[in-house]
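**Q** My questions will all concern the structure given below.
The values are calculated or read from the model by the stated rules, or taken from the named source; none is laboratory data. Source: prediction; values computed, not measured. Because the Cβ atoms are built from the backbone with ideal geometry, glycine has one as well, and the counts that use them run over all protein chains shown. What goes into the accessible areas is simple: the full protein's heavy atoms, side chains included, and nothing from ligands, DNA or RNA. Shrake-Rupley method; radii C 1.70, N 1.55, O 1.52, S 1.80 Å.
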Amino acid sequence: FGYVNNPKTRNIEPHPTNSRIIVKAFKEYAKGTHTLGTIADFLADHGITTHGKPPAKSSVAKMLTHRVYIGFTHHKGEWYDGSFAPIISPTLFEAVQKMLAKKSRPRKQTEKYQFPFTGFARCGECGSMITAQYATNRFGTKYTYYRCTKKKGVCHQKYLSAFGLTS
């Protein structure tokens with residue numbers, strides 16, 4: 001967003017109005033007084049919407065971290081100098097990256113479940129791998145069940161509790 005294709009030069013160039021809005025959004029976020037949500041509202045106030053609504057916060061975050069705005073292009077997993085004019089300066093881009101890092105919160109780690117019989121056991125009927133899951137009864141007791149993944153087609157094997165495996 002912010003660039004327009006130029007078929008004559010076979011390249012992209014900054015859009016006359018949208019590129020200015022992008023620069024304003026970067027400058028506002030670099031101040032540190034805005035969140036991703038308020039920048040989305042800022043973009044919506046300036047006519048940048050998705051289906052009539054402000055852009056999603058994830059879209060704003062992607063926009064604020066995209067290196068194309070400082071003149072780089074991405075090809076096969078690597079960044080190269082682009083042959084087009086950048087919209088923002090590298091110093092403004094770095095200021096926004098620092099503000100994003102400052103405001104970011106670490107993701108909560110999901111609980112790692114330890115299922116001892118997964119990874120090496122296969123179903124006796126169809127040959128698919130065995131997977132495990134927890135089930136909690138109405139009293140809050142957690143039970144482990146093992147079952148066929150049924151990746152190789154129809155399988156009529158039932159669930160097997162961990163208690164049934166160990167006894």
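**Q** Find me the longest stretch of the chain that has none of the exposed chymotrypsin sites (Phe, Trp or Tyr not before Pro), where exposed means in a DSSP loop (not H, G, I, E or B) with at most 14 other Cβ atoms within 10 Å.
**A** In the chain, the maximal stretch lacking such sites is 1-112.
**Q** How many Å² of accessible area per residue for the chain, probe 1.4 Å?
**A** Computed with neighbouring chains in place, this is 73 Å² per residue.
**Q** May I ask you to list the lysines whose Cα is less than 16 Å away from that of Lys150, ignoring any residue fewer than eight positions away on the same chain?
**A** Correct list for Lys150: Lys158.
**Q** A follow-up question, please. Can you bin every Cα-Cα distance in segment 36-97 into 10 Å intervals starting at zero and give me the percent of pairs per bin, rounded to whole numbers?
**A** 21, 41, 32, 5
**Q** Counting other Cβ atoms within 10 Å of each Cβ, which GluC sites (Glu not before Pro) in segment 44-140 have at most 12 and sit in a DSSP loop?
**A** Here the GluC sites (Glu not before Pro) that fit, given the DSSP loop and packing criteria, are Glu111.
**Q** Lys98: which aspartates and glutamates have alpha carbons under 18 Å from its alpha carbon, excluding same-chain residues fewer than 8 sequence positions away?
**A** Glu28
**Q** Now a separate question. In segment 15-110, which trypsin sites (Lys or Arg not before Pro) are in a loop and have at most 16 other Cβ atoms within 10 Å, using DSSP for the loop call?
**A** When the trypsin sites (Lys or Arg not before Pro) of segment 15-110 are filtered for loop state and at most 16 Cβ neighbours within 10 Å, Lys76, Arg107, Lys108 remain.
**Q** Would you mind computing the Rg to Rh ratio of the chain from its alpha-carbon coordinates, Kirkwood style for Rh? Don't jump to the answer; show the numbers that get you there.
**A** On the way: Rg = 25.8 Å, Rh = 20.8 Å.
We get a ratio of 1.24 for the chain.
**Q** Restricting to Cα atoms and excluding each atom paired with itself, what does the Kirkwood estimate give for segment 15-71 in Å?
**A** This gives a value of 11.4 Å.
**Q** Then there's this: For the chain, what are the DSSP H helices with axial Cα length of 18 Å or more and mean Kyte-Doolittle hydropathy of at least -1.0?
**A** The answer, listed by residue number, is 18-31, 90-103.
**Q** Segment 25-58 to segment 99-167: how many Å between their Cα centroids?
**A** Taking the Cα centre of segment 99-167 as reference, the centre of segment 25-58 is 41 Å away.
**Q** Distance check, please: which entries in Lys108/Lys152; Lys24/Lys102; Lys27/Lys102; Lys24/Lys103; Lys57/Lys108; Lys27/Lys53 exceed 24 angstrom between their Cα atoms?
**A** Lys108/Lys152, as the Cα separations exceed 24 Å there.
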